[in-house]
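The values are calculated or read from the model by the stated rules, or taken from the named source; none is laboratory data. Predicted model, so just to flag it, every value in this text is computed and none were measured. Using ideal geometry, Cβ is built from the backbone for each residue, glycine included, and neighbour counts are taken over all protein chains shown.
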Amino acid sequence: MAINPSKIPGDFEVIESGPTAQRGQSLIQADPGAAPFKLVVDPNVRQALRRALIDLIEFHDEALAEHVAEGKLALDSYKEYIELFARSLKETMESREGVAYLLRSAGFDVPAEEINLRPELRWKRGVGAFGSSLI
């Protein structure tokens, strides 16, 4: 994504900038198999999961924006919009339906009652680099 320089200073427009490789250095590696998980998780599963998460983010963003536009949801600031957006995603990902959506997107059909909403992080050596939450 890039900023359109023809806009008034302070305004911006989100535009497609092409493949990741053309954007230069990125936190997301262009090769799904180039990350540390390449030996543990199938790159195709990771790619399907990434696509499902992007679709979910877009759905939540569009739904919230539609509610605001229709006057069904009042907002005081962009900060509040982002907080509501994060809450919406969090609540979805904490539900069996949300996890089931990700599982189906990655090619797994798991009955809802078998979905573990509180999986334990089992670090191999000591506490993980990101603590107990990966963040």
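Here are the numbers for this structure:
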quantity	calculated
Options 80, 58, 66, 62; residue that is free of Cβ contacts under 8 Å to residues at least 12 places away in the same chain, in contact with a Lys or Arg (Cβ under 9 Å, 6 or more places away or on another chain) and either among the hydroxyl-bearing types (Ser, Thr, Tyr) or outside any loop (DSSP other than H, G, I, E, B) (or both)	66
Close pairs (7 angstrom Cβ cut-off, 6 or more residues apart or separate chains): surrounded by 13 or more Cβ atoms within 10 Å (Cβ to Cβ) in the stretch 100-111, part of a loop (DSSP other than H, G, I, E, B) anywhere	100/110; 100/115; 103/110
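Quick grid of which residues meet (1) under 18 Å from the mean Cα position of the chain (by Cα); (2) modelled with pLDDT of 90 or more; (3) part of a loop (DSSP other than H, G, I, E, B):
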| site | (1), (2), (3) |
| --- | --- |
| 25 | no, no, yes |
| 44 | yes, no, no |
| 49 | yes, yes, no |
| 84 | yes, yes, no |
